[in-house]
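Quick notes on the structure that follows.
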Amino acid sequence: MNECPKCGYLRTAKDAPIHRDICPGCGIAINKWLARADSAAADTSALSIGEPQRMGAREHFMQLPGRVDTASLYGRGLLSVALSLWALWFMAHGIDWAIIGGSFMHNINLPFHEFGHVLFSPLGRFMAILGGSLFQVLLPLILLVAFSFFHQDNYAASVTLWWCGQSLVDLAPYIADAPYRAMPLVGGGGKESHDWGNLLSMTGTLDCAQTFARISFVLGIGIMFAALVWGARLLLKQRRQLSA
């Protein structure tokens, strides 16, 4: 071999006294160096075959389930349309307790809200009060992780993200009512049982109730539509896969 595989040195006539296996430029034993390089390449190849490639967050959340069929595509498409119209309904009416509190989703959120009080009660009075609203928002995110990472169903995960946004919308009238404590409470509790009235009084931010309510509502609407866009992109990808 006239050229060193490591440093690229080209042998000349003056290098004739030096053994052919020794590079005059860098001094390596060429055959040994090549053997080590081949061994390292083989180890790298084995690792790449034996271990799955890590995918980025975008690739993970845009994965489709192993089985894609026409029935699920159109069924999920109809669900996305329904959720879109429902999100527009909430957005159009703003922070209206009659609309939000009278919705089907409020009846879904309410049991989890009450359970949250019990779940967080060991952490003290403040967390016991906050726990209802906190768990109401966290539960859909827990389900999102379960659907996406354990069941490989990102469309179902997008629906739970929509639910998370709706839970924030659901809280907005409750927060806005904190200074007045006029909303009817579960079990007929009095003013002293008003979660957000107590929380904002304890933190000295009762005057900010309307601002916090608007933040909860706007953030919730934003999350709902982000979830709808995510779901729509998954359905478009699923349609292209079926058409291929």
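The values are calculated or read from the model by the stated rules, or taken from the named source; none is laboratory data. Remember, it's a predicted structure, so these values are computed and weren't measured experimentally. Glycine gets a Cβ as well: all are built from the backbone with ideal geometry, and neighbour counts include every protein chain shown. Keep in mind that these areas ignore ligands, DNA and RNA; they rest on the heavy atoms of the full protein, side chains included. Shrake-Rupley method; radii C 1.70, N 1.55, O 1.52, S 1.80 Å.
Using the average count of surrounding beta-carbon atoms within 10 Å as a protection proxy, the listed peptides 161-171, 194-204 rank, highest first, as 161-171, 194-204. Couplings 3J(HN,Hα) of region 131-143, computed from phi: x, x, 5, 5, 5, 4, 8, 6, 4, x, 5, 4, 5 Hz, in residue order, whole Hz [Karplus 6.51 cos²θ - 1.76 cosθ + 1.60, θ = phi - 60°; x for Gly and Pro].
Let me know the whole percent of all Cα-Cα pairs from region 114-244 that are separated by more than 20 Å. That tail contains 53 percent of the Cα-Cα pairs. The long axis of helix 154-176 is offset from the longest Cα principal axis of the chain by roughly 40 degrees.
Pulled fully out, how much extra length does the chain show between LEU219 and ARG54, if you take 0.36 nm times their separation in residues and subtract their Cα-Cα distance? Each step should come with its number before you reach the end.
Working: separation 165, 0.36 × 165 = 59.40 nm, distance 3.16 nm.
Length gained, LEU219 through ARG54: 56.2 nm.
Annotation for LEU138 and ASP96: the two label points, set 7 Å from Cα along the Cα-Cβ direction, are 3.3 nm apart.
Note on the chain: helix-only mean residue ellipticity at 222 nm, from DSSP H runs of 4+ residues weighted -39500 (n - 2.57) and normalised by residue number, equals -22000 deg cm²/dmol.
Between LEU185 and THR205, what FRET efficiency comes out of the Förster formula 1/(1 + (r/R0)^6) with R0 = 22 Å and r the beta carbon distance, rounded to 0.05? Show your work: numbers first, answer last.
Values: r = 21 Å, r/R0 = 0.94.
Here the calculated transfer efficiency is 0.60.
Angle of helix 104-120 to the longest C-alpha principal axis of the chain, folded into 0 to 90 degrees and rounded to 10: 80°.
Note on the chain: GNM, Cα springs under 10 Å; of GLY77, GLY56, GLY222, the largest mean-square fluctuation is that of GLY56. Counting only Cβ charges, +1 for Lys and Arg and -1 for Asp and Glu, the dipole size of the chain around its Cα centre is about 820 debye. What a 1.4 Å probe finds exposed on the chain is 65% carbon and sulfur by accessible area, rounded to a whole percent.
Given the C-alpha atoms of the chain, compute the convex hull and give its volume per residue in Å³. Walk me through the numbers on the way to the answer.
Details: hull volume 58.4 nm³, N = 244.
Convex hull volume per residue, Cα atoms: 239 Å³.
With the simple spin-label model, which puts each label point 7 Å out from Cα in the Cβ direction, the ASP153 to ARG233 separation comes to 2.2 nm. Label separation (ARG125 vs ASP15): 8.5 nm, computed from points 7 Å beyond Cα along the C-beta direction.
Using 0.36 nm per residue of separation minus the Cα-Cα distance, give me the extension gain between ALA37 and ARG67 in nm, one decimal.
Working: separation 30, 0.36 × 30 = 10.80 nm, distance 4.24 nm.
Full extension from ALA37 to ARG67 adds 6.6 nm.
Note that region 67-82 has calculated 3J(HN,Hα) couplings of 10, 10, 9, 5, 4, 5, 4, 6, x, 6, x, 5, 5, 4, 4, 4 Hz, one per residue in order, obtained from phi through the Karplus relation 6.51 cos²θ - 1.76 cosθ + 1.60 (θ = phi - 60°); glycine and proline are x.
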